Amino acid sequence: MNREFIAALKKEFGNNILDEITSLNETYLTVKKEANVKICDHIYHHLDIPLVSIFATDERKKDGCFKIHYVFSLDKGDAFVIIKINVDEKSPRYNSITHKIATANWYEREIQDMFGLVPVGHPDPRRLVNFEDWPDGVYPLRKDFDIKTKPPRVEGEYVYRRVEGEGVYEIPVGPVHAGVIEPGHFRFSVAGEPIINLEIRHFYTHKGVEKLFENISLDKAVFLAERVSGDNSVAHAVAFCQAVERIAGVDIPGRAKYIRVVLLELERVYNHLGDIAGIATDVAFAMGAAHANRLKEEILQLNEKITGSRLLRGMNTIGGVPRDIGDKKDEILLTLSEIQRDFRELMEYLMSIPSLMDRIETTGRIYNDTAKGLHVVGPVARASGINRDTRRDHPYAAYPETNFKVSVQKGGDVYARTLVRADEVCESIGLIEQALWSLPDGEININIGEIPDGYALGYTEAPRGETLYWVMIENNSIVRCKVRDPSFCNWLAIEYAVLDNIVPDFPIINKSLSLSYSGNDM
Amino acid sequence: MFDILKKTLETGSQTTKYPQIPDIAPAGFRGKPELLSEKCTFCGKCTTACPPGVIWLAEGDGEKILTLSYCGCIFCGRCEEVCPEGAIKLSGEYELASKTKEDLLTSIRRKT
């Protein structure tokens with residue numbers, strides 16, 4: 001599939017392609033800067049290949065150019081095609097593809113803030129990550145920006161879109177919210193109860209994670225990856241480790257692969273249980289919430305018993321896993337079988353309550369074309385009829401040797417998302433059982449030592465969806481680490497999901513999308 | 001309604017009387033790291049291994065001081081792994097709340 005695809009691209013755009021490099025399942029095509037819109041549009045619309053990430057690198061030391069990478073995922077052939085363009089330091093401008101591919105919107109704005117590369121023709125060129133008090137001309141991810149720099153604060157203003165008309169009111173919510181949650185600003189425009197527009201503003205918890213990666217050693221970077229998004233620790237750590245292992249060209253021991261599957265699925269189970277509990281809370285069904293939370297707590301305590309950490313931290317290292325969990329097999333299986341029984345009973349019960357169903361059916365609908373246009377990922381995408389799952393489409397760890405079904409719903413509402421999560425909990429428990437029954441003997445990690453220079457993608461299906469890492473290593477240290485958290489794709493979907501819904505339904509819509517602030521803001 | 005009552009009674013109370021009854025962490029739990037002054041050789045391996053950099057070694061007034069701050073500790077256990085003398089152990093202790101940052105410092109010292 002990949003080879004045919006590249007051949008077809010070359011036939012179509014032969015004179016625009018300057019260079020081709022293939023490593024593993026990734027093909028990097030450097031194309032002429034002016035041809036980016038044409039080629040990306042062709043791949044995205046004509047060949048129907050999703051655009052999964054856009055990121056820039058500062059390689060001025062090598063050839064005086066910044067590079068912009070457009071990552072396309074060939075789901076059917078387990079391959080990635082990365083279109084690269086060179087942007088000269090002297091004219092840091094390139095053509096925006098957002099007017100053709102809506103997914104590119106936030107990526108291009110992020111690159112503008114972080115590298116100072118201007119996407120010409122972007123429909124919304126406001127700042128995204130840097131706030132208005134950040135001075136012009138200071139770009140944190142450029143190599144000449146020292147991590148210790150403290151730029152002066154300047155005056156500035158951020159202009160929100162306004163909806164005007166008789167009886168239209170604005171409701172600003174956040175960034176400080178009631179309860180212990182993270183910061184984000186939501187600006188609703190309402191006419192009576194129904195929401196007619198929502199604009200979100202995030203990045204209040206921007207910590208410069210990608211810059212931090214460039215300034216710490218490889219062994220410590222795993223711990224940073226674990227903390228990018230607190231409740232998706234394993235998915236992030238595994239994605240990072242896999243990227244480095246792919247660069248090193250090593251295959252980790254079989255036992256480590258199976259242990260990673262167990263950990264990844266335990267993480268999915270506790271996240272989904274927490275989300276189902278949250279939905280019950282937000283429709284004021286306290287008893288259902290208490291039961292779902294009880295089940296989540298059982299998983300967290302199981303995590304603590306088998307790994308020493310409730311959130312499964314410190315369980316991944318480059319080259320495998322540092323701690324074995326094989327001796328706790330019986331305990332895991334016993335706890336999970338009890339949880340599965342209780343969970344099925346709980347779901348049957350929740351779905352039989354009319355007052356709950358009334359709140360979640362048809363609420364917060366994300367239509368299939370919207371989800372596709374924004375490249376929504378994970379359970380949210382699968383609830384809107386998008387049949388994608390990284391575990392199946394780009395198999396990693398021990399997933400190729402396991403059986404599971406990918407749950408897809410068409411409704412796109414809160415109900416569909418709840419059903420997808422409920423199915424995934426049961427599938428995950430099945431996966432953990434399979435992995436533990438066929439856990440091979442042997443080592444749990446190998447010492448990799450020096451990592452050769454190179455770059456590669458690492459990917460996992462986190463509980464929230466597809467998580468991507470692109471790591472570039474030179475002289476055994478990280479030169480660039482691009483993190484693409486699933487929430488970065490899914491946040492914009494909320495602006496569409498709430499339309500025509502009433503303000504009191506916003507909390508359940510938000511909960512059903514299960515979005516991370518920290519993973520998005522980084 | 002009857003269902004809810006039945007399920008609630010069946011499940012019973014799930015919470016414990018913490019903190020009156022202490023909740024003891026399971027074996028293998030990675031909690032508060034303890035420094036053992038009699039074993040430590042002040043080699044400084046833990047200071048370079050610590051990902052958040054919250055262990056540091058200072059010298060002055062004829063003594064070496066190894067300090068660990070629980071403020072930024074991520075309980076990863078790398079200090080325990082790299083210590084050749086077994087002078088750092090992660091314990092099951094997890095109640096670390098404090099009003100000041102100074103309360104969260106622990107140090108051991110030795111005359112040089």
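Computed from the coordinates by the stated procedures, all read-outs in this text should not be read as laboratory data. All values reported here derive from a predicted model rather than from experimental measurement. A quick note on method: Cβ atoms are made from the backbone with ideal geometry, for glycine too, and the neighbour counts reach across all protein chains shown.
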Residue-wise, which Karplus ³J(HN,Hα) couplings in Hz belong to the range B:24-30, taking 6.51 cos²θ - 1.76 cosθ + 1.60, θ = phi - 60°, and x for glycine or proline?
8, 5, x, 4, x, 5, 9
Packing-based exposure ordering (other Cβ within 10 Å, fewest first) of A:TYR158, A:TYR139, A:TYR107
A:TYR158, A:TYR139, A:TYR107
State the Cα centre-to-centre distance between the range A:206-251 and the range A:452-522 in whole Å.
14 Å
Go through the range A:66-134 and name the GluC sites (Glu not before Pro) that are in a DSSP coil and have 16 or fewer other Cβ atoms within 10 Å of their Cβ.
A:GLU89, A:GLU132
Taking the Cα centre of the range A:465-511 as the origin and placing charges on Cβ (Lys, Arg +1; Asp, Glu -1), which of A:ASN476, A:VAL503, A:PRO486 is farthest toward the positive end of the dipole?
A:ASN476
Could you tell me the calculated FRET efficiency between A:PHE145 and A:THR22, based on Cβ-Cβ distance and R0 = 25 angstrom, to the nearest 0.05?
0.15
Sorted from fewest to most neighbouring beta carbons within 10 Å, what does the list A:MET315, A:MET114, A:MET351 look like?
A:MET351, A:MET114, A:MET315
Close lysine pairs (the range A:209-516; alpha-carbon distance under 15 Å; 8 or more apart or on separate chains) counted at 6
Run through the range A:153-242 and list the trypsin sites (Lys or Arg not before Pro) located in a DSSP loop whose Cβ has at most 14 other Cβ atoms within 10 Å.
A:ARG153, A:ARG161, A:ARG162, A:LYS207
Among A:PRO172, A:VAL414, A:VAL228, the residue whose Cα sits farthest towards the positive end of the charge dipole of chain A, when +1 is placed on the Cβ of each Lys and Arg and -1 on the Cβ of each Asp and Glu, is A:VAL228
Summing -39500 (n - 2.57) over the DSSP H runs of n ≥ 4 in chain A and dividing by its residue number, what mean residue ellipticity at 222 nm do you reach, to the nearest 500 deg cm²/dmol?
-12000 deg cm²/dmol
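Can you give the FRET efficiency for A:GLU157 and A:ASP441, using 1/(1 + (r/R0)^6), R0 = 56 Å, r = Cβ-Cβ distance, to the nearest 0.05?
FRET efficiency, A:GLU157 to A:ASP441: 0.35.
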Hey, what do the phi angles of the range A:349-359 turn into as Karplus ³J(HN,Hα) couplings, whole Hz, using 6.51/-1.76/1.60 and θ = phi - 60°, x for Gly and Pro?
5, 4, 6, 9, 8, x, 5, 7, 4, 4, 7
Only loop residues by DSSP count here, and only those with at most 14 other Cβ atoms within 10 Å; note down the GluC sites (Glu not before Pro) in the range A:295-365 that meet that.
A:GLU361
In whole percents, the bins of 20 Å from zero upward hold the Cα-Cα pairs of chain A as 22, 56, 21, 0
Per residue of the range B:103-110, what does 6.51 cos²θ - 1.76 cosθ + 1.60 with θ = phi - 60° give for ³J(HN,Hα)? Whole Hz please, x for Gly and Pro, Karplus curve as stated.
5, 9, 9, 9, 9, 10, 9, 8
Taking the Cα centre of the range B:25-111 as origin, work out the dipole magnitude from +1 charges on Lys and Arg Cβ and -1 charges on Asp and Glu Cβ, in debye rounded to 20.
100 debye
Using the crude model of +1 on Lys and Arg Cβ and -1 on Asp and Glu Cβ, and no other charge, please compute the dipole size for the range A:2-120 relative to its Cα centre, in debye to 20.
300 debye
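What does the C-alpha gyration tensor say about the overall shape of the range A:2-120? Classify as rounded when a/c is under 1.5, otherwise prolate if a/b is larger than b/c, or oblate.
prolate
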For chain B, which span is the longest to avoid every loop-located (per DSSP) member of trypsin sites (Lys or Arg not before Pro) having at most 12 other Cβ atoms inside 10 Å?
B:18-98
Quick one: helix B:2-11 against the long Cα principal axis of chain B, what's the angle to the nearest 10°, folded into 0 to 90?
40 degrees
Picking from B:PRO52, B:LEU68, B:GLY28, whose Cα lies most toward the positive end of the charge dipole for the range B:25-111 (charges on Cβ: Lys, Arg +1; Asp, Glu -1)?
B:PRO52
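Under the classification rounded if a/c is under 1.5, otherwise prolate if a/b is larger than b/c and oblate if not, where does the range B:25-111 fall, given a ≥ b ≥ c as square roots of the Cα gyration tensor eigenvalues?
Oblate is the answer for the range B:25-111, as a/c is 1.5 or above yet b/c matches or exceeds a/b.
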Using Cβ counts within 10 Å as a stand-in for footprinting exposure, how do A:GLU267, A:GLU26, A:GLU474 rank, fewest first?
A:GLU474, A:GLU26, A:GLU267
Go ahead and run the numbers for FRET between A:ASN387 and A:GLU4, Cβ-Cβ distance against an R0 of 25 Å, rounding to 0.05.
0.70
